[in-house]
Amino acid sequence: MQQNFLRYNFESNLEYLNDMSWLTKTLSSSLGRKVIMSLTGLFLIIFLLVHLIGNLQLLKDDGGQAFNIYAKFMTTNGLIKVSSYLLYATFLIHIVYSIILTRVNRSARPSSYAYSKPSGSSSLSSRNMGILGTVIFIFLVIHLQNFWYQMKFGSMPMTSYGGMEIKDLYRVVAEAFSQWWYVVVYVTAMVFLAFHLSHGFQSAFQTLGINHKKYTPFIQKVGLAYSIVIPGLFALIPIYMFFTCNS
């Protein structure tokens, strides 16, 4: 009986290892990497919309009250804090897999001539996703250092609403957006983001197999609208605050 039990455990472990081997091979394959890129990309696309809704509180003429209350909620709510770790992981996975795919694609090209002569049917965005992603990543690091890091670990000015003292992130943002060079950097990054989204949105659905002559044109139109409206509204915020703070 003990022998049968050991044999059962061995066979179960072997089956488990075979399943894990299949999963590992799938995730490390070219298609698997693209699927991961697509899923993480779509998650980040949803995050951008949520993040924009919160940032639009900056446009309210209330001295920053709505935005500061929103910022406090986002940094103290338990569910949001747990979700933020998923967001950080998604960012890292998306970045790492984008680097891997870029290197694999470059090494697969037979010559530098082929690399410099892309297909005429490919868009400008699709040919430069690596460059677009790199610029966005650099901006993200600067952005996180100026706002997220300051909110979490920096010395922040404080304000009070109804007897409740909270960090005045609005003042930090207003000071940053009162500087013309930072506004230019922010708006430029949003232009790069728009081009990145214009290809990434449609490409994600195509990789996941959602590619049909009946639905693809609609997805393309939604993706184009999203890639213009979302970065456009993000860019509007620093422009509006620059003229408001310096008036």
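The values are calculated or read from the model by the stated rules, or taken from the named source; none is laboratory data. As the structure is a prediction and not an experimental result, all values here were calculated from the model. Please note: Cβ atoms are built from the backbone with ideal geometry, for glycine as well, and neighbour counts cover all protein chains shown.
List of remarks:
- Residue pairs whose Cβ atoms lie under 9 Å apart, sitting 6 or more positions apart in sequence or on different chains, and linking a residue in segment 39-55 that is aliphatic (A, V, I, L, M) to a partner that is loosely packed, with under 15 Cβ neighbours inside 10 Å, are Leu39/Leu208; Leu42/Leu208.
- One residue alone among Thr102, Thr90 is β-branched (Val, Ile, Thr), outside any loop (DSSP other than H, G, I, E, B), surrounded by 10 or more Cβ atoms within 10 Å (Cβ to Cβ) and modelled with pLDDT of 90 or more, and that residue is Thr90.
- Looking only at segment 71-81, and only at residues there that are surrounded by 10 or more Cβ atoms within 10 Å (Cβ to Cβ) and in a helix (DSSP H, G or I), the one that is modelled with the lowest pLDDT: Lys81
- Tally of residues being more than 23 Å from Ile53 (Cα to Cα) and surrounded by 18 or more Cβ atoms within 10 Å (Cβ to Cβ) across segment 208-230: 0
- Counting only helices (runs of 4 or more DSSP H) that fall entirely inside segment 148-230 and contain at least 3 residues that are more than 23 Å from the chain's Cα centre (by Cα), the qualifying elements are 169-176.
- Cβ pairs under 7 Å, 6+ apart, first in segment 207-224 and without any contact (Cβ under 8 Å) to a residue 60 or more places away in the chain, second surrounded by 14 or more Cβ atoms within 10 Å (Cβ to Cβ) and of a type in the set (S, T, N, Q): Ile219/Gln202; Gln220/Gln202; Gly223/Ser198; Gly223/Gln202; Leu224/Ser198
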